[in-house]
Amino acid sequence: MLKFIFGFTLIFLPLFVQAQTFEKTISVPQPQEKDNRYFYIPFDVPQNAKSLTVSYDYDKKGGANVLDLGVFDARFDVAEANIKGFRGWSGGRRSSIFISENSATNGYVAGKIPAGTWRVALGLYKVAPEGVEVTVRVKFGDVDAGLLKEPFEEENKSFTLPIFKKLPAPGTFGGYTWFRGDLHLHTFHSDGTWTIPMILSWAEGAGFNFVGLSEHNTSSHHAKIDSLAKNYKHLLVLRSEEVTTYGGHFNVWGLPSGELIDFRVKPKDTKRLQTVVDAVHRLGLIASLNHPTARCGGCDWSYGDWQMMDSVEIWNGGWDAEDEAALKHWDELLQKGIRLTVTGASDSHTPPLGANPPPNARPIGFPTNHVGMKNLTQQDLFKAIRRGRVWIGGLPTDYNLEFSALNAGKRLNIGEAAQVSDKAIRLDYKAKNFPGGASISLISNGQVLQTDKIEEAEYVLAKTFNVEKDSYFRLEVRDATSAMLALTNPIYIQIKK
């Protein structure tokens, strides 16, 4: 007799062989817009189990079917009210994973194997119109030798760093040090091929000041960060998560060790997303929207406008049409009086090592955030991002950009706001070490006020404007082909009534 569980057809009943194996095949229909995108397959873990292996297979039909994999242990909350019992997530990267008391596949958390009902979690990223059959297998006991050594081999992958032209010390202006960093990087713990030591060694060796290791929907990298970060005295290392829903992605930086933000939000479910963002804020952290106009499936933002986020990554990797679209939308928000900090990030998954690195390889800091802080601490970093004290440079180079406003003897820095009665505003900017042919543009209220060629290694300009209404002012530096080289967050001017 066929059974129906949550709308899925059970083809084969669970099969136990001496409490050592479990197998189930289910038929998964294509989810409709309002359907849940996560399906849980329960299985019982016997007493005194020390390890388990989970595998799954299905017909991918040339990419028409893509199912993600995760595991919850016996603490799972059936109501999905929280993330209890979460043991890891590998997305669509791996067809087999293991969890044991002392080790686990990257993306999963090792530890006690409590007896009781566990769940295999399937994420329905893409399902063909006719649906797909999926077979899930769970084995208790010895782990296959190849699978067992996989995390060790990944974490201990050998590498030779390039010879860096180390970046100069971060610049200072406006009473702040403008520390450099990249807040969106991936390792073997999700879908990257960096190791954590590679990222930390590269970042510190090249002269960066902070990095965020933002894995998709897992906290398995936290323990390794905790053990290594203390060895990098001049680098602020943030445990981070790229909260990856099927309706958009956002980063959360600086998580407490072992903390995970729930990613199970249906596309367009803004109410549920707000609940998740509220949980981020209760931790004192920032929710930062990633690549909102990207065209990869599930990457573009489905949760309405961007205001519930604290910041938005409008520059992802090399500047392209998607970034241009994000910039345009952000400027439209600014014109409506909505203040939202923008950032950039490499979103690097693959290091550019060797003579012929793969086409998708990106260096750390491509682009780079320059954040004005008093001290290099997580608290100061978040404070600066919330206040918009950020400018973005397209490459990890010695580009330097300074921008400020002077009104009635008061100096305003990037991201700052002031109410003024004297409508005369002097804007000062300095562009240093940009390539020949570059130009710098001053933008306000959706209009380019002026564009100047950067004709010297250190180009200084001061202009005075009479401001008749509430306004924002920001800078863009572009090369001779109009590709972005750098941009600032705005300075905001409000006219006293």
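Key figures
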| quantity | calculated |
| --- | --- |
| Amide hydrogen neighbours beyond the local backbone of Ser348, cut-off 5 Å, H modeled | His186 |
| Principal axes of segment 170-396: Cα extent on each, largest first, Å | 42, 39, 37 |
| Phi-based couplings in Hz for segment 246-258 (Karplus 6.51, -1.76, 1.60; Gly and Pro marked x) | 8, x, x, 10, 8, 8, 10, 9, x, 5, x, 4, x |
| Estimated FRET transfer efficiency (Glu324, Asp77; beta-carbon r; R0 45 Å; 0.05) | 0.60 |
| Compactness of the chain - radius of gyration and Dmax, Cα, Å | 24.7, 83 |
| DSSP bridge pairs, the chain: antiparallel proportion in percent, nearest 5 | 80 percent |
| Inter-label distance for Ala408 and Asn102, nm, one decimal - labels placed 7 Å from Cα along Cα-to-Cβ | 7.0 nm |
| Histogram of C-alpha separations across segment 119-224, 5 Å bin width, % | 2, 8, 14, 14, 16, 13, 10, 8, 6, 4, 3, 2, 0 |
| Compactness of segment 3-155 as Cα Rg over 2.2 N^0.38 Å, two decimals | 1.02 |
| P(r) weight above 17 Å for segment 390-460, C-alpha pairs, percent | 51 percent |
| Listed peptides 365-372, 215-222, 104-111 by packing density, highest first (mean Cβ within 10 Å) | 365-372, 215-222, 104-111 |
| Aspartates and glutamates with Cα under 18 Å of Lys24, excluding same-chain neighbours fewer than 8 positions away | Asp44, Asp57, Asp59, Asp68, Asp73, Glu133 |
| Span from the segment 401-443 Cα centroid across to the segment 194-231 one, whole angstrom | 35 Å |
| Derived scalar couplings ³J(HN,Hα) [segment 304-317; Karplus, 6.51 cos²θ - 1.76 cosθ + 1.60; whole Hz; x for Gly, Pro] | x, 6, 8, 5, 6, 8, 7, 7, 9, 7, 8, 10, 10, x |
| Spin-label model distance (nm) - Met308 vs Asn356, 7 Å beyond Cα toward Cβ | 4.7 nm |
| The chain - mean residue ellipticity at 222 nm from DSSP helices (-39,500 (n - 2.57) per run, n ≥ 4, rounded to 500) | -4000 deg cm²/dmol |
| Amide proton proximity set for Arg239, modelled H, under 5 Å, gap of 5+ | Gly254, Leu255 |
| Protection-proxy order for peptides 382-395, 251-264, 179-192, 161-174, each taking the mean of Cβ atoms within 10 Å per residue, highest first | 179-192, 382-395, 251-264, 161-174 |
| Near-label residues of segment 481-495 by backbone N, under 19 Å of a point 7 Å along Cα→Cβ of Gln447 | 490-495 |
| Relative packing of 24-36, 115-127, 267-279, which averages over residues the other C-beta atoms within 10 Å, highest first | 115-127, 267-279, 24-36 |
| ³J(HN,Hα) computed for each position of segment 283-294 - Karplus, 6.51 cos²θ - 1.76 cosθ + 1.60, integer Hz, glycine/proline x | 7, x, 10, 10, 9, 10, 5, 9, 5, x, 10, 5 |
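Each value in this text was obtained by applying a stated rule to the coordinates, not by laboratory testing. Since the structure is predicted, the reported quantities are computational estimates derived from the model, not experimental observations. For neighbour counting, all protein chains shown are included, and Cβ atoms are generated from backbone atoms with ideal geometry for every residue, glycine included.
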